[in-house]
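J.: My questions all concern the structure below.
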Amino acid sequence: MTVPAATPSCWRCGYDLTGMRVEEVCPECGTPVWSRPVLDADQMRRDAGRAQTWGIVAAASFLVIGPLAGLIAIPAITGAARLKRRCEGVWPPEYKGARTAWWLGWITAALSIAVVVPSAVIYVIGLF
Ligand SMILES: [Zn+2]
């Protein structure tokens, strides 16, 4: 779901389309008012692949560097989330790499938190 902008503007050039009808075109660049950006399938597939790589690297590195892997999980989660947003909140089957990235990212993040929080508590309690 996207929140409608307060001012209607051309998605291509940003021209203010206030007062224009949906069947008209942008006076600045000729883009139809009632249109939206074409999603670049190749770009999205690359983004999904990249997010998946981050997810796998994060999950694998948890075994080596422990909770620091949570930092590596961030680009996996954010990359996958961005992709999902661009697909209107559903995982398209052709970008399942993004879904993998999302799960691996969150699992890694959860494991990191599960390690860091008790350690921090023990550390704080140990001070008193
Ligand atoms: Zn325009």
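J.: Of everything in region 28-38 that's on the phi < 0 side of the Ramachandran plot and near the ligand (Cβ under 8 Å from one of its atoms), which residue is surrounded by the fewest Cβ atoms within 10 Å (Cβ to Cβ)?
T.: Out of the qualifying residues, it is C29.
J.: (1) within 16 Å of the ligand (Cβ to nearest atom); (2) surrounded by fewer than 19 Cβ atoms within 10 Å (Cβ to Cβ); (3) modelled with pLDDT of 90 or more: which one isn't true of R12, the others all being true?
T.: In the conditions (1) within 16 Å of the ligand (Cβ to nearest atom); (2) surrounded by fewer than 19 Cβ atoms within 10 Å (Cβ to Cβ); (3) modelled with pLDDT of 90 or more, R12 misses (3) alone.
J.: Further question on the same structure: Within region 5-33, how many residues are touching a residue at least 12 places away in the same chain (Cβ under 8 Å) and under 23 Å from the mean Cα position of the chain (by Cα)?
T.: The qualifying residues number 2.
J.: If the requirement is being in contact with a Phe, Trp or Tyr (Cβ under 6 Å, 6 or more places away or on another chain), closer than 26 Å to A114 by Cβ and more than 16 Å from the ligand (Cβ to nearest atom), which of these qualifies: A81, A69?
T.: Of the residues listed, the single one that is in contact with a Phe, Trp or Tyr (Cβ under 6 Å, 6 or more places away or on another chain), closer than 26 Å to A114 by Cβ and more than 16 Å from the ligand (Cβ to nearest atom) is A69.
J.: For region 74-128, which residues satisfy the criterion of being among the small types (G, A, S), surrounded by fewer than 17 Cβ atoms within 10 Å (Cβ to Cβ) and more than 12 Å from the chain's Cα centre (by Cα)?
T.: Within region 74-128, A110, A114, S119, A120, G126 meet the criteria.
J.: Identify all residues within region 34-58 that are without any contact (Cβ under 8 Å) to a residue 24 or more places away in the chain and outside any helix (DSSP H, G or I); write none if there are none.
T.: W34, V38, D40
J.: Which numbered condition trips up L71, out of (1) of a type outside the set (K, R); (2) at pLDDT 85 or above; (3) under 14 Å from the mean Cα position of the chain (by Cα)?
T.: (3)
The values are calculated or read from the model by the stated rules, or taken from the named source; none is laboratory data. As the structure is a prediction and not an experimental result, all values here were calculated from the model. Because the Cβ atoms are built from the backbone with ideal geometry, glycine has one as well, and the counts that use them run over all protein chains shown.
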